[in-house]
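K.L.:
Could you have a look at this structure, given as structure tokens, before my questions?
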Amino acid sequence: MQVNNVHLRPFSPTYIESVIALLQLVSRFEPEPSEALEYAKRFECMDNCYSFVAIHEGRVIGFGSIFMLNRVRGGCSAVIEDLVVAQDMQGHGVGRALLEKLLEQARGKGCFKVSLEAADSALSFYEACGFSRAGQSMKINL
């Protein structure tokens, strides 16, 4: 079932509290409240990042961000860093709408690929959206 009246808007610092609450669904990082607004202002000014919130009935129900990377051999690729939807709104097309908006940005910048890291529980969603598994992801938390 699709949710009606979902609006995608560019991220702005006014949404930071709601976005941090959403990101807690996928990450344990939580900035100090006194620092959150400053982080949001710096994030908003990044020229290689595009981010959007999904709003339904005045409530932020989703967030997505994508970073464009210029490659040393030429061309541009992109990485989706965050894509999260409020638990009660999952399965209603919100994540897909955000993902399409992020991919639209990558296409517009001429990216040759978009990659992301996904939780096991989200793999089928991304595969249904056209992504394929490619190797293994590794990370180190600093």
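Laboratory data are not the source of any read-out in this text; all were calculated from the coordinates shown. Quantities reported herein were computed from a predicted structural model and do not represent experimental measurements. Quick reminder, even Gly has a Cβ in these numbers, built from the backbone with ideal geometry, and neighbours come from all protein chains shown.
K.L.:
With +1 on each Lys and Arg Cβ and -1 on each Asp and Glu Cβ, how big is the dipole of segment 1-65 about its Cα centre, in debye rounded to the nearest 20? Let's see the in-between values first.
P.N.:
On the way: 5 positive and 8 negative charges, 43 e Å.
With Lys and Arg at +1 and Asp and Glu at -1, about 200 debye.
K.L.:
Rounded, prolate or oblate, given the Cα gyration tensor of segment 34-124, with a/c below 1.5 counting as rounded?
P.N.:
Cα axes put segment 34-124 in the oblate bin.
K.L.:
Now for a separate question. Can you give the relative contact order of the chain as a percent, counting alpha carbon pairs under 8 Å and 6+ residues apart?
P.N.:
22
K.L.:
Sticking with this structure for a sec: For the chain, with only Lys/Arg (+1) and Asp/Glu (-1) charged at the beta-carbon, what is the dipole magnitude about the Cα centre, in debye rounded to 20?
P.N.:
Numbers: 14 positive and 16 negative charges, 131 e Å.
My answer is approximately 640 debye.
K.L.:
Round to the nearest 0.05 the FRET efficiency obtained for VAL72 and GLN24 when R0 = 30 Å and r is the Cβ-Cβ distance.
P.N.:
0.25
K.L.:
Between ARG59 and ALA36, how many nm apart are label points set 7 Å from Cα along the C-beta direction?
P.N.:
1.7
K.L.:
Looking at GLY74, LEU23, LEU123, which one has the Cα that reaches farthest to the positive end of the dipole of the chain (charges on Cβ: Lys, Arg +1; Asp, Glu -1)?
P.N.:
GLY74
K.L.:
Count the lysine pairs in the chain that are 8 or more places apart or on different chains: how many have C-alpha atoms under 22 angstrom apart?
P.N.:
Lysine pairs meeting the criterion: 4.
K.L.:
So what are the ³J(HN,Hα) numbers for segment 30-44, from phi and the Karplus equation (6.51, -1.76, 1.60; θ = phi - 60°), rounded to whole Hz, Gly and Pro as x?
P.N.:
In residue order, the calculated couplings are 9, x, 4, x, 5, 9, 4, 5, 5, 4, 5, 5, 5, 4, 4 Hz.
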